[in-house]
Amino acid sequence: TMKIMKKNIYRKIMAMTCIALGVYACTGMDEYKDLYLKDGIKSYTGKIDSVKVYSGHERVMIEGLFMSDPKVTGCMIYWNSKMDSMNVPVIRTDNVDTLRQIINLPENLYNFEIYTYDQYGNHSVPVYATGDSYGANFISQLINRPLKETPIATEKGLTVRFLPVDQTLGPVHTIVSYINLEGKKDTVHVATNQEGHLIENYKKGTEFTYITQYVPDTLCIDTFSSKVSEVISPLCKIESIKIHGYSSQEETGESNGQNGWAKHGIDNDITTYWHSQWQGQHPGFPHYLSFDLNNKHKVKAVSLIPRQNTDNMVKDFKVFSSKDGIKWDEVESFTMNHIQNEQQFFVFSQSVDTQFVKLMLENGYSSDPHTALAEIYFYE
């Protein structure tokens, strides 16, 4: 009897357990239906692929590919935490289709969330991307590449040389705007890794301006420009000058007459040079050389090239001008840098209207009484 009672109790417990499990199973299924089948089975469209955000001037361009899902009919682009958006219709073809959408935006860094959708409102999983819009704040930081020296115009053309520029903001080139030999406006691009450029078709005596352009990143669709430079008046080399006088020269000549004479200081050959007398007599400082410019010129500058590969250089010197080659007026004083072989330019505070110019060499960088110069050029 006890065994029969135990079996009955066991059967009741098992039955109640089964009922409880059945109720729990039914409840779980109902919850599943509520969560996943209430509005029918969820359908997702294919997401956009290979998304890139190209930066620009107060705009961005979003690019992406529609690869596999022919049901896609549109694309939603959100930014500013979904507070702003753009709806872009999509017409699919049998091929891979491309989205290229420009959005005008104030300067800032933006995070984008992009969905595709079909005609029934089904949408894809989100695709996230980030991009920059550049504006006035960025432009205010752009520096026009500084000139290394006052530009020089010769019979060969206009030579412009620039100093290096900070690469952080993405400078790409400097555009020089000038007047060509035909009297027309022209431009030339000088790369930022290029120190200088010779503009061969420059019209001598005309002015020019320049700007430096920037591309801030590799995905930027716009180019940004610095402020235009002030108007630049190049120095024009005065050609065909003659020796007017000198305090001394090496009369016997040097290197079989290839060096030493005053004329060797204006022969456009830096391998030859004028040298004050040092054989027989040793006249000391000051030494002078004077020049006839053939006609009156508004002289603005002089450049000196020391005798090559020597430390016996000119240090301080004065410039004088004369209208008749007899009476001289002091123009300005200058000091050469103690740098061998380098051409050095000296620009006057004011241009001088004159035909004759004299250089009075006051002293040198060595203790020797003599000195030398490879080339002397004057500019207007």
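The values are calculated or read from the model by the stated rules, or taken from the named source; none is laboratory data. Just so it is clear, the structure is predicted and the values come from calculations on it, not from any experiment. Cβ: placed from backbone, ideal geometry, glycine included. Neighbour counts: every protein chain shown. Ligands, DNA and RNA are stripped out before the accessible areas are found, and what is left, the full protein with its side chains, is counted by its heavy atoms. Shrake-Rupley method; radii C 1.70, N 1.55, O 1.52, S 1.80 Å.
Take the conditions (1) modelled with pLDDT under 95; (2) surrounded by 14 or more Cβ atoms within 10 Å (Cβ to Cβ); (3) over 23 Å from Ser240 (Cβ atoms); (4) polar (S, T, N, Q); Thr272 misses just one of them, which is (3).
Rundown of residues vs (1) loosely packed, with under 13 Cβ neighbours inside 10 Å; (2) over 30 Å from Ile103 (Cα atoms), yes/no style:
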| site | (1), (2) |
| --- | --- |
| Lys203 | no, yes |
| Thr212 | no, no |
| Asp217 | yes, no |
| Ser225 | no, no |
| Glu230 | yes, yes |
| Pro234 | no, yes |
| Lys237 | no, yes |
| Glu250 | no, yes |
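Residue-wise test of (1) at pLDDT below 55; (2) part of a strand (DSSP E or B); (3) open to solvent by 60 Å² or more (accessible area, probe 1.4 Å).
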site: Tyr32; (1), (2), (3): yes, no, yes
site: Ile41; (1), (2), (3): no, no, yes
site: Arg100; (1), (2), (3): no, yes, yes
site: Pro106; (1), (2), (3): no, no, yes
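If Phe345 satisfies every condition in (1) open to solvent by less than 40 Å² (accessible area, probe 1.4 Å); (2) hydrophobic (A, V, I, L, M, F, W, C); (3) in contact with a Ser or Thr (Cβ under 7 Å, 6 or more places away or on another chain) but one, which is the exception? Here Phe345 meets the rest and fails (1). Pairing each residue of the range 233-248 that is aliphatic (A, V, I, L, M) with any residue that is in a loop (DSSP other than H, G, I, E, B) and at pLDDT 95 or above, provided the two are 6+ apart or on different chains, yields C-beta distances under 8 Å for Ile241/Ile266; Ile243/Ile266. Evaluated against (1) assigned to a loop (DSSP other than H, G, I, E, B); (2) surrounded by fewer than 19 Cβ atoms within 10 Å (Cβ to Cβ), Arg145 falls short on exactly one condition, (2).
Exactly one residue among Asp316, Asp324, Asp329, Asp311 is surrounded by fewer than 19 Cβ atoms within 10 Å (Cβ to Cβ) and either under 14 Å from Gly245 (Cβ atoms) or aliphatic (A, V, I, L, M) (or both), and that residue is Asp324.
All conditions but one from (1) surrounded by 18 or more Cβ atoms within 10 Å (Cβ to Cβ); (2) among the β-branched types (Val, Ile, Thr); (3) under 13 Å from the mean Cα position of the chain (by Cα) apply to Val188; the one that does not is (3).
Which of the residues belonging to the range 151-184 are open to solvent by 10 Å² or more (accessible area, probe 1.4 Å), in a strand (DSSP E or B) and among the hydroxyl-bearing types (Ser, Thr, Tyr)? Listed by number, the residues that qualify are Thr154, Thr159, Ser177, Tyr178.
Scanning the range 227-247 for residues that are at pLDDT below 95 and of a type in the set (Gly, Ala, Ser) yields Ser233, Ser240. Per the conditions (1) within 15 Å of His287 (Cβ to Cβ); (2) at pLDDT 95 or above, the sole criterion not satisfied by Ile305 is (1). The criterion of at least 2 residues that are among the hydroxyl-bearing types (Ser, Thr, Tyr) and in contact (Cβ under 8 Å) with a residue 24 or more places away in the chain is met, among strands (runs of 3 or more DSSP E) falling completely within the range 273-351, by 287-306, 316-322. Listed conditions (1) in contact with a His (Cβ under 9 Å, 6 or more places away or on another chain); (2) open to solvent by 40 Å² or more (accessible area, probe 1.4 Å) are all met by Lys263, apart from (1).
Within the range 127-138, can one find any residue that is more than 17 Å from Asp217 (Cα to Cα) and modelled with pLDDT of 95 or more? Yes, the range 127-138 contains a residue that is more than 17 Å from Asp217 (Cα to Cα) and modelled with pLDDT of 95 or more.
Considering (1) farther than 23 Å from Asn259 by Cβ; (2) touching a helix residue (DSSP H, G or I) at 6+ places or on another chain (Cβ under 6 Å); (3) aliphatic (A, V, I, L, M), the lone condition that Leu373 does not fulfil carries the number (1).
The residues listed here are Leu169, Leu142; of these, the one that is under 14 Å from the mean Cα position of the chain (by Cα) and touching a residue at least 60 places away in the same chain (Cβ under 8 Å) is Leu142.
Return the residue satisfying two criteria in turn: it lies in the range 108-131 and is among the aliphatic types (A, V, I, L, M) and more than 16 Å from Gly74 (Cα to Cα), and of such residues it is surrounded by the most Cβ atoms within 10 Å (Cβ to Cβ).
Here the residue is Ala129.
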